[in-house]
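Worksheet for the structure shown next.
Rule-based calculations on the coordinates, nothing more; no lab input. Everything numeric in this text was worked out from a predicted model, so none of it was measured. Here the Cβ positions follow ideal geometry from the backbone for every residue, glycine too, while neighbour counts run over all protein chains shown.
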Amino acid sequence: DQIWDARTKTQIESMDSYLDASDIVVIGETHYIPAIAAVQAQIVNHVSREAATTLGWEFLNTIDLALVDTVEAQLKAGTMNEAQALKALFPTSTATPVEYSALIATAASANVDLIPTNLTRTQKSPITAGGMTAADPKLVPPGFELGSDAYYERFLEAMGVFDHSHAMDNYFASQSITDDVMAFELLKTTAAKKVLVTGSFHGDYKQGVVERLQARDAQSRVLYVKVVQMSDYTREEFQEQMVHPKYGPIADIIYLVDEDLSPAIGTKVKPQIAK
């Protein structure tokens with residue numbers, strides 16, 4: 001594994017001091033990669049060692065808060081293991097996301113409070129179809145704002161669209177409410193430390209959810225850690241991506257898992273837009 005400070009393009013031995021100096025850690029991931037989830041677990045375990053920690057997860061919806069609390073209580077009591085917990089949390093999934101066993105295991109700690117942070121697709125579908133004017137007002141966080149212009153530009157690029165349209169505006173509104181709900185729900189908690197696990201598109205270049213966290217709580221120190229597989233990049237691609245000429249550093253810290261960076265082009269992973 002390799003750890004890089006993306007702001008200075010330098011490799012570092014450990015990110016522990018960065019974690020210790022932060023109040024909120026946002027972890028951007030490629031979904032369903034066990035090695036990435038293992039790094040997430042390491043981060044949560046380190047952060048929660050000294051202080052009460054809230055763990056927010058994009059995959060969990062606020063409508064399921066009672067279920068999340070019940071599963072967490074059973075994990076802490078030792079009456080449910082990680083596989084059972086994941087199956088209980090995702091009862092309608094065709095396949096239990098066992099890739100996250102290491103992450104969900106951290107919720108067994110007395111110092112970790114697992115919370116849901118997202119809206120369901122059904123709750124967001126009116127926004128996707130009709131924009132924010134179609135949103136259920138009860139689901140819109142107070143002080144809601146759409147993502148920045150730079151974030152919208154990057155969103156359009158990821159969608160393969162280069163012109164504004166009502167349809168893209170609506171999709172971006174759905175993306176933006178995902179970010180702001182995650183930020184709002186995380187900041188509602190009073191734990192000294194907070195960790196959020198989300199798809200990397202939501203946090204890259206410290207846009208999206210990172211922007212909303214900083215806007216809602218300017219006093220908290222937010223660290224964005226992007227965890228990726230080495231095989232997803234060539235060495236040249238990785239160096240180029242660390243600092244974008246327009247958007248700046250892609251993260252504060254980049255954690256690379258797997259083997260040495262491949263000299264050949266690796267598998268390209270499609271950016272993860274709002275779930």
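Taking 0.36 nm per residue of separation and subtracting the Cα-Cα distance, full extension of the segment from SER148 to ARG49 would add 32.1 nm.
When the chymotrypsin sites (Phe, Trp or Tyr not before Pro) in the stretch 119-173 are filtered for DSSP coil states and for at most 11 other beta-carbon atoms within 10 Å of their beta-carbon, the remaining sites are PHE162. Restriction of the GluC sites (Glu not before Pro) in the stretch 186-251 to DSSP coil positions whose beta-carbon has at most 10 other beta-carbons within 10 angstrom yields no sites.
Whole angstrom only: what separates the Cα centroid of the stretch 133-157 from the Cα centroid of the stretch 165-199? When both Cα centres are located, 9 Å separates them. Maximal additional length on extending the THR10-GLN74 stretch stands at 18.8 nm, based on 0.36 nm per residue less the C-alpha distance. Restricting the stretch 111-205 to GluC sites (Glu not before Pro) that sit in a DSSP loop and have at most 16 other Cβ atoms within 10 Å of their own Cβ leaves GLU145. Counting only DSSP beta bridges with both residues in the stretch 2-257, the antiparallel share comes to about 25 percent. Given LYS76/LYS138; LYS87/LYS124; LYS76/LYS193; LYS9/LYS246; LYS193/LYS226, which pairs have Cα atoms separated by over 27 Å? Table pairs above 27 Å Cα-Cα are LYS76/LYS138. Nearest 0.05, what FRET efficiency do ASP163 and ALA83 give at R0 = 45 Å with Cβ-Cβ as r? Step by step, r from the Cβ atoms, then E = 0.45.
Note on ARG121 and LEU67: with the Förster distance fixed at 30 Å, the Cβ-Cβ geometry gives a FRET efficiency of about 0.95. Placing a label point 7 Å from the Cα of GLU237 along the Cα-to-Cβ direction, the residues of the stretch 10-34 with a backbone N closer than 15 Å are 30.
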